[in-house]
1. Which pairs in the list Lys50/Lys184; Lys50/Lys198; Lys111/Lys197; Lys77/Lys184 are over 21 Å apart, alpha-carbon to alpha-carbon?
2. Can you give me the solvent accessible area of Lys114 with a 1.4 Å probe, rounded to the nearest 10 Å²?
3. Between Ile49 and residues 5 or more places away or on another chain, which pairs have amide H atoms under 5 Å apart, with H built 1.01 Å from N, and which residues are they?
4. Output wanted: per-residue J couplings in Hz (rounded whole) for the stretch 179-186, from phi through Karplus 6.51 cos²θ - 1.76 cosθ + 1.60, θ = phi - 60°, x for Gly and Pro.
5. Going toward the positive end of the dipole of the stretch 7-143, with +1 on Lys and Arg Cβ and -1 on Asp and Glu Cβ, which of Ala30, Met51, Gly66 do you reach last?
6. First obtain the Kirkwood hydrodynamic radius of the chain from its Cα pairs, then insert it into the Stokes-Einstein equation at 37 °C and 0.692 mPa s, and state the resulting D in µm² per second as a whole number.
7. Among Pro83, Pro43, Pro179, which one shows the biggest mean-square fluctuation in a GNM of the chain, springs joining Cα atoms closer than 10 Å?
8. Solvent-accessible area per residue for the stretch 145-207 at a 1.4 Å probe radius, Å²?
Amino acid sequence: MSDFTSDVQNPSALSHTRTRYLTVTALLSAVAFILQFFEFPIPLVPPFIKMDFSDLPELIGAFAMGPVCGVLIALIKNLIHLPLSQSGGVGEMCNFFLGAAFALPAGLVYKFNKTKNGAIAGAAAGALSMAVLSFPINYFITYPFYELMMPREVIIAAYQEILPSVNTLAQCLLIFNLPFTLFKAVCSVVITMLIYKKLSPILHGNV
């Protein structure tokens, strides 16, 4: 627990300079951008749904520098990725919304309860927020864009290859996308809990 409370007890952690804030934000944004390229399919979801760990730096930034930092990392990561976009920016916009939904609650909870339990509670809130909001974001933004390139029936058919009983897009998103998003967020939470102890002094300039 002391790993997280040290952020409060250490006086230097309360006197971050703007330079350090910008440096950490830029560094974590670059890491998040790079992690976007290491995506891979996982079982039990259609192959066009890919797993990656680019939300991990957003959570670390939200814990280390506050919730706004986490949101900025999500924004910068996707702005950098825009020239490589294959969706006219739609995918990047949705990725930003999901990243912000993850980092903002996590950072806010931890900001007012800087303990290990506060970090766990914040991370859990962020993961749930990201998962729940994935439904309207996908339903109203992401998949309407996909439907410009292929009929909805073709999209649903990809889900039916795994679970033949699904018949609507809403069912697909609730049964597959929402749990996948939660799983993806939880993976970032677990990794953060494992590495934050070592990263925190570096990010706060206490080494």
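1. Correct reply: Lys50/Lys198.
2. 70 Å²
3. none
4. For the stretch 179-186, the Karplus-derived couplings read x, 4, 4, 5, 4, 4, 5, 5 Hz, x marking Gly and Pro.
5. About the Cα centre, the residue reaching furthest to the positive side is Gly66.
6. Details: Rh = 17.7 Å.
In µm²/s, the coefficient rounds to 186.
7. Among Pro83, Pro43, Pro179, the largest GNM mean-square fluctuation belongs to Pro43.
8. On a per-residue basis, 56 Å².
The values are calculated or read from the model by the stated rules, or taken from the named source; none is laboratory data. Quantities reported herein were computed from a predicted structural model and do not represent experimental measurements. Neighbour counts run over all protein chains shown; Cβ positions are idealised from the backbone, glycine included. Ligands, DNA and RNA are excluded from the accessible area calculation, which covers all protein heavy atoms including side chains. Shrake-Rupley method; radii C 1.70, N 1.55, O 1.52, S 1.80 Å.
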